[in-house]
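Presented below is the structure to which this report refers.
The values are calculated or read from the model by the stated rules, or taken from the named source; none is laboratory data. Owing to the predicted nature of the structure, the values given are computational and were not obtained by experimental measurement. Cβ sites come from the backbone with ideal geometry, for glycine too, and all protein chains shown count toward neighbours.
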Amino acid sequence: MGKIETYFSFLFTFYISIFNGISSDPSGAKYTVNVNNGSSLIITGFTNFGTFSCSYDINILIDTLDIEITKSDNGCLNFANLQLNLPVSNFSCGNVIMNKDFRNLLNYKEYPEIEWQILCIDISNLNNWNVLRSDTLQVNTIMKIAGEKQEYWIAVKVNKQDDRLSFSGNLPVNIRDFKLEPPHKVFGLVNVYPTINIGFSIKVNIL
């Protein structure tokens with residue numbers, strides 16, 4: 001498992017304004033964070049023989065991210081041009097054969113990256129925009145895999161302790177929504193199911 005940068009450098013950046021208890025318009029705010037070891041992004045697949053996991057290996061971390069934030073009347077913080085690109089080749093599934101199968105499944109030669117765009121975070125249930133020690137917030141995202149886009153709401157669990165923050169959650173995804181078909185291996189004896197789970201756990205320090 002590697003540290004995580006891409007998918008969730010956005011999450012810890014915009015969450016920081018909330019966790020610090022900002023009660024005014026945060027537009028234009030910039031923050032610097034440090035991603036801790038132990039953070040992870042893992043895609044888990046399911047077969048008739050069990051499960052397999054592919055972890056995203058990240059060696060170059062993005063510590064700062066400039067974003068434009070606006071607050072809408074419905075209680076959402078909206079983010080302009082907030083998109084993360086995940087190279088499919090950065091996922092490791094444990095061995096060369098599984099890596100090849102995973103990349104071929106996602107048609108990585110034609111679509112080498114998974115694109116993840118963050119639209120907004122729902123803070124309508126927060127008291128004065130302030131997260132205490134633990135909260136679960138809804139994040140609206142668009143994922144693009146193999147050239148196809150799907151929109152999701154993700155429940156993200158947030159924990160705060162002094163200047164340390166952690167974010168975790170799971171997103172079930174049906175690959176058929178992206179016009180992908182699960183493969184059959186070993187002469188059809190191994191069947192890969194269409195639903196995968198994207199699990200993430202991010203740990204950061206506010207600098």
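Within the range 98-127, track down each residue that is out of contact with any Leu (no Cβ under 6 Å at 6 or more places or on another chain) and among the aromatic types (Phe, Trp, Tyr). Hits for the range 98-127 are PHE102, TYR108, TYR111.
Only one of these is crowded, with 16+ Cβ neighbours inside 10 Å, over 26 Å from SER39 (Cβ atoms) and at pLDDT 80 or above: LEU180, LEU137. Name it. Only one candidate qualifies: LEU180.
In this structure, does ASN197 turn out to be at pLDDT below 80, under 21 Å from SER40 (Cβ atoms) and either of a type in the set (Lys, Arg) or surrounded by fewer than 18 Cβ atoms within 10 Å (Cβ to Cβ) (or both)? No; evaluated as a whole, the condition is false for this residue.
Criterion applied to ASN20, ASN48 was being surrounded by 15 or more Cβ atoms within 10 Å (Cβ to Cβ), of a type in the set (S, T, N, Q), at pLDDT below 90 and more than 17 Å from the chain's Cα centre (by Cα), and the one residue passing it is ASN20. The residues of the range 183-194 that are at pLDDT below 90 and farther than 18 Å from SER55 by Cβ, listed by number, are PRO183, HIS184, LYS185, VAL186, PHE187, GLY188, LEU189, VAL190, ASN191. What's the total number of residues in the range 148-177 that are at pLDDT below 75 and basic (Lys, Arg)? Of the residues in that region, 2 qualify.
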